[in-house]
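The values are calculated or read from the model by the stated rules, or taken from the named source; none is laboratory data. These numbers come from a predicted model, not from an experiment. Note that each Cβ is placed from the backbone with ideal geometry, even for glycine, and that neighbours are counted across all protein chains shown. Surface areas here come from the heavy atoms of the whole protein model, side chains and all, with no ligands, DNA or RNA. Shrake-Rupley method; radii C 1.70, N 1.55, O 1.52, S 1.80 Å.
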Amino acid sequence: MLFRARLGTFLTFALAGLLCGVWVARMPALAAKFGTSESEIGIVVLIWGLGAIVAMQGLRAIISRAGSRAVLRVALPLTAVSYVLVALAPTYGVLLVAVALFGMAFGITDIAMNAQGTVVEQAYRRPIMSGMHAGWCVGAMSGGLFGVATAAAGLGFTETVLTAALLSLPAGLALGRTYLADPAAPVIRGANGRRARMPLAVYLIGALAFIAFMAEGSIADWSGLLLHDEMNATQAVAALGYPMFELAMLFGRLAGDRVRTRIGTRRLLFSAGIGTALAMTVVVFAPSAPFAIAGFFLTGLVVCTVVPTTISLAGSAAPDQPAAAVAQVGAMGYGGLLLGPVVVGFLSDATSLRVGVGITVVLALLIAFGARRVPLGSGDIAGGLGHAVDPADAAGETAAAPVAADAEREPVAA
């Protein structure tokens, strides 16, 4: 039963990634369909992101009460339905409304699938969240290839997105049967009888997610322009930057859970921050496109574990309301995803694109700094291994040791 739930959640991440991959790959076709400018396409992307954030924040309490399984069973098919509306939008104005609905449905799906991932992870009693996020990479790359294939076949935006939506709807309904029920958690209320506020630890973890998403978004949106405009790469070569980054993310996430179990949460985050800073320094100072592409690949290998780890920590930081904690951290992360490319754009206009993209080096160092201070909840399944200098962390190691020892055991369904 646990393996089925793990596979189902992995495939849910993959399906969500596929929808995004198709969306990104056929963005030029969207612009051609409506004859929009780059700024108008920017508004479309912004509305999608804002819709996701609003839904994440607004429905946090509902997700906490209903549980990730119930919400995900509705949200994932609803995302496919809203995708149909995006495909069939006849005008730019209607498109904006459809994209807002798509963003909201996708935001709810994103929260619920991450919350379900924490449920499965806690049942396994060892880190598996990075592997779940590897599903996203698989889906995003598959969606991109699907977009390339449909473009080569001469299909437009409407036909491509509609096909993806109609294939995703039955898949989303079928996956609903695989999810685990959320464990019953005590509802802790404050003195006024209302649900207790989210612990400060959740917001600190959310800040780390904000920085990590900001770095990933900056690389995703500006890698191609950096290669083309600053390093004089052809459009074909410039297009390799982001796929190489995603491919490395996939490889890194497939190994990330094992690495986290072996060295611990703090050391993993610290190493990811330092490694990302070094890899992006290679990109910023690269004399030519091949060196920069290699730098993007190295960056993907090391930064890939930060977001899954923050989601995993969120689920254990507030054991009385894990789904709400994941929603809060996810919303803060999406904020960074939207803000990062904007900050890079402003810096690039004021200086150069190399300097603008170079902000990711600073962000990576902030991740390394935050890794030493990020709170580890008592339910953190990798504990504070690898950071025994602080007596508090040493106690965390002792508590986590039995879990680490159990890491190689086969999980038993409850």
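Counting just the residues of region 131-148 that are more than 12 Å from the chain's Cα centre (by Cα) and open to solvent by less than 10 Å² (accessible area, probe 1.4 Å), which one comes out nearest to THR118 (Cα to Cα)?
So, considering only residues that are more than 12 Å from the chain's Cα centre (by Cα) and open to solvent by less than 10 Å² (accessible area, probe 1.4 Å), the one nearest to THR118 (Cα to Cα) is GLY139.
Quick check on ARG266: is it within 16 Å of the chain's Cα centre (by Cα), buried (at least 18 other Cβ atoms within 10 Å of the Cβ) and closer than 27 Å to VAL374 by Cα? Spell out how you get there, then give the answer.
Numbers: within 16 Å of the chain's Cα centre (by Cα): no; buried (at least 18 other Cβ atoms within 10 Å of the Cβ): yes; closer than 27 Å to VAL374 by Cα: yes.
When the stated conditions are applied, ARG266 does not pass them.
Could you look through region 353-391, keep only residues that are at pLDDT 85 or above and out of contact with any helix residue (DSSP H, G or I) (no Cβ under 7 Å at 6 or more places or on another chain), and pick out the one that is surrounded by the fewest Cβ atoms within 10 Å (Cβ to Cβ)?
Within region 353-391, the match that is surrounded by the fewest Cβ atoms within 10 Å (Cβ to Cβ) is VAL362.
Which condition number does THR36 fail, the rest of (1) more than 20 Å from the chain's Cα centre (by Cα); (2) assigned to a helix (DSSP H, G or I) being met?
(2)
When you scan region 122-241 for helices (runs of 4 or more DSSP H) that lie fully inside it, which ones turn up with 2 or more residues that are hydrophobic (A, V, I, L, M, F, W, C) and either at pLDDT 90 or above or at positive phi (or both)?
Working: elements: 129-152, 157-175, 200-225, 235-238.
In region 122-241, the matching helices (runs of 4 or more DSSP H) lie at 129-152, 157-175, 200-225.
Looking at VAL119, VAL81, VAL71, can you tell me which residue is over 19 Å from ALA327 (Cα atoms), among the aliphatic types (A, V, I, L, M) and part of a helix (DSSP H, G or I)? Before you say what the answer is, go through the steps one by one.
Details: VAL119 fails: over 19 Å from ALA327 (Cα atoms); VAL71 fails: over 19 Å from ALA327 (Cα atoms).
Matching residue, one of VAL119, VAL81, VAL71: VAL81.
Could you count how many residues in region 100-119 are aliphatic (A, V, I, L, M) and either open to solvent by 10 Å² or more (accessible area, probe 1.4 Å) or under 18 Å from VAL86 (Cα atoms) (or both)? Let's see the steps before the verdict.
Restricting attention to region 100-119, the residues satisfying the condition of being aliphatic (A, V, I, L, M) are 100-101, 104-105, 108, 111-113, 115, 119.
With the extra rule that they be either open to solvent by 10 Å² or more (accessible area, probe 1.4 Å) or under 18 Å from VAL86 (Cα atoms) (or both), the set shrinks to 100-101, 104-105, 108, 119.
Final tally of qualifying residues: 6.
Just to be sure I understand the filter: pairs with C-beta atoms under 7 Å, separated by 6 or more residues or on different chains, first member in region 161-176 and over 16 Å from PHE102 (Cα atoms), second member open to solvent by 60 Å² or more (accessible area, probe 1.4 Å). Which pairs pass?
Hits for this filter: LEU175/LEU11; GLY176/ARG73.
Only one of these conditions is not met by PRO319: (1) open to solvent by 10 Å² or more (accessible area, probe 1.4 Å); (2) assigned to a helix (DSSP H, G or I). Which number is it?
(2)
So is GLY103 in contact (Cβ under 8 Å) with a residue 12 or more places away in the chain, touching a Gly at 6+ places or on another chain (Cβ under 6 Å) and within 30 Å of ASP320 (Cα to Cα) or not? Reasoning before the result, please.
On the way: in contact (Cβ under 8 Å) with a residue 12 or more places away in the chain: yes; touching a Gly at 6+ places or on another chain (Cβ under 6 Å): yes; within 30 Å of ASP320 (Cα to Cα): yes.
Yes.
Could you check, for region 70-87, whether at least one of its residues is at pLDDT below 90 and either open to solvent by 70 Å² or more (accessible area, probe 1.4 Å) or among the hydrophobic types (A, V, I, L, M, F, W, C) (or both)?
So in region 70-87, the residues at pLDDT below 90 come out as none.
No, region 70-87 contains no residue that is at pLDDT below 90 and either open to solvent by 70 Å² or more (accessible area, probe 1.4 Å) or among the hydrophobic types (A, V, I, L, M, F, W, C) (or both).
Among the listed residues LEU46, LEU18, which satisfies the condition of being open to solvent by 20 Å² or more (accessible area, probe 1.4 Å) and closer than 20 Å to LEU169 by Cβ?
Exactly one of LEU46, LEU18 is open to solvent by 20 Å² or more (accessible area, probe 1.4 Å) and closer than 20 Å to LEU169 by Cβ, namely LEU18.
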